[in-house]
Structures are given as C-alpha cells and as structure tokens.
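This report refers to the structure that appears directly beneath it.
No lab work stands behind these numbers, since they all come straight from the coordinates. Owing to the predicted nature of the structure, the values given are computational and were not obtained by experimental measurement. As a convention, Cβ positions derive from the backbone with ideal geometry for all residues, glycine included, and neighbour counts pool all protein chains shown.
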Amino acid sequence: MKTEGTTECRVFKYPDTNSSRANIEYLNRKFENQKIAIIGMGGTGSYMLDQIAKTPVKEIHIFDGDVFQLHNAFRSPGAISSEKFEVEGEFKKVDYYYEVYSNMHNGIIPHAKYVTPENLQELDGFNYVFISVDKNEARYNITQGLLEMGVTFIDVGLGVNKIEDSLIGAIRVTVGTKSKNDHLGLRIGSYEFEENEYSNNIQIADLNCLNAMFAILKWKKLSGFYQDMKEEHNNLFFISTNKLLNEDNPT
C-alpha cells in the first residue's frame, strides 16, 4: 500500500497494484504532473479517457458540449445502464464520463462546452491535447491555436465506407509539435468537403478503440514510456489490407 503523501495516492482512488506487479512504477512517473486535455468525447475520445485515466497524470480535462445518446452507448467503453437514460433523461457526455472515471482518478475535470476560437486560450499550458472532432474547420482552428501556444497535440481521424456488402476504411493519427509541424497542411484539412470522412457517419466501437489506442501509444512514446525509433508524426492504418504507414519523420 502506498503512503498518503505519494503522487499515486493523490491521483488514484486506490493503489495501482498492476504497475507494481509488473515492476514498471518508475516508468509511470514519466506521466506525473502532466496536464492532459481531450477535445471530443465521442467513441474515440471516450476510449482515450479510459486509458489516460489509468496513468498518474495530474489532470485530465474533457471537453464536449454534446449530450450522451443511445448510439454513444454502443461506441463507448463499458456498459451504461438503461435506467440512466430513463431516470435522468438528457445528460452531457462529459458529466457521464466524469461520473464513471472519477471512481478511479481524482484529476478529471469536465467542460460541458465545445472548444472554439473564443475559448481556445483555455488550453494554454497543457502538456498534451488529444483532438477527436468530426469537423475539419473546428480541427483546423484548434490545431492552429495550439501551434501558436506551443502545445503538443495528437489529432485522430476515422473514415469508413460501404463497398457492396462490406466496409473499407482507414484510421489516422497525426502529431503536431512546436518543432515538427510542416506536415500538417497535407494531413489536416481546413474546410468541409462535400463528402468528408464522417459524411456517412459509420463508426464502430472496435475502430474507435483502435484509433484511440494508436493515439495513446504515440502519447506514451512522446512521454518516453515506450521506445520510439521511427518518431513518425503521421500514422495510417488501412483496414482492408492491414497495412500500417508511418510517415512524416523529423528531418
């Protein structure tokens, strides 16, 4: 059992015996005092929270103005009870996830609003920002603002289409940092296409989860938890071919 004064006790509601069993507690210290933001608490963002909440980061700020709806239950970690919909009616995504993950992590802070150019300055000073939004214009405005503030971000994208009687698609993870951002113009759009990657709104829990896990792995590499030999800043996984592309390495 950890003593009261340790960082782990201040962050978690109960001791992280998994890390101690694996003897990797010293590696987990790489996350201590990090201030993390997740913008967009849909399918992908919720899986990000699920993983980040199991690390000793100091704070996890979750941003989303949407309400939690029935379809969200089928693209989220865990299982929500039907009674919550019946008794509470409409409730915000961030409030639901705060309620769930505050059972484990003390530093979760919900923001029931969208991130816009008007409030973007609230993200100044964060160590890492995860972006999981479905509008290119919003994504572009957020990433440009974070670059100006020198905040490292990890942006994700998921595109799925129907081809006859099966699905094809790709998963993207793009990193932007103060020292490496010249690739972003090719990876992140600044306006809406007639048929953008979300136009058909096909999202499936396994793909949301996989997209989130690629983003989490990249964050842990940037933090020094995992070795990063390629240091790629753009990652693409193609579902039909199982092909993984690592691009945009530092020069």
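Structural remarks
- Net lengthening on full extension, Glu88/Asp228 (0.36 nm per residue, minus Cα-Cα): 45.9 nm
- Footprinting exposure proxy ranking of Asp182, Asp165, Asp16, fewest other C-beta atoms within 10 angstrom first, gives Asp165, Asp182, Asp16.
- Summary value for the chain: 19 percent relative contact order, contacts being C-alpha pairs under 8 angstrom separated by 6+ residues.
- Size descriptors for the chain: radius of gyration and Dmax over Cα atoms are 18.2, 59 Å.
- Build a GNM of the chain with springs between Cα atoms under 10 Å apart, and of Ile202, Ile154, Ile60 the one that fluctuates most is Ile202.
- Helical contribution to [θ] at 222 nm, DSSP H n ≥ 4, -39,500 (n - 2.57), averaged over the chain, rounded to 500: -8500 deg cm²/dmol
- Förster-model FRET efficiency, 25 Å R0, Glu164 and Lys243, C-beta, rounded to 0.05: 0.75
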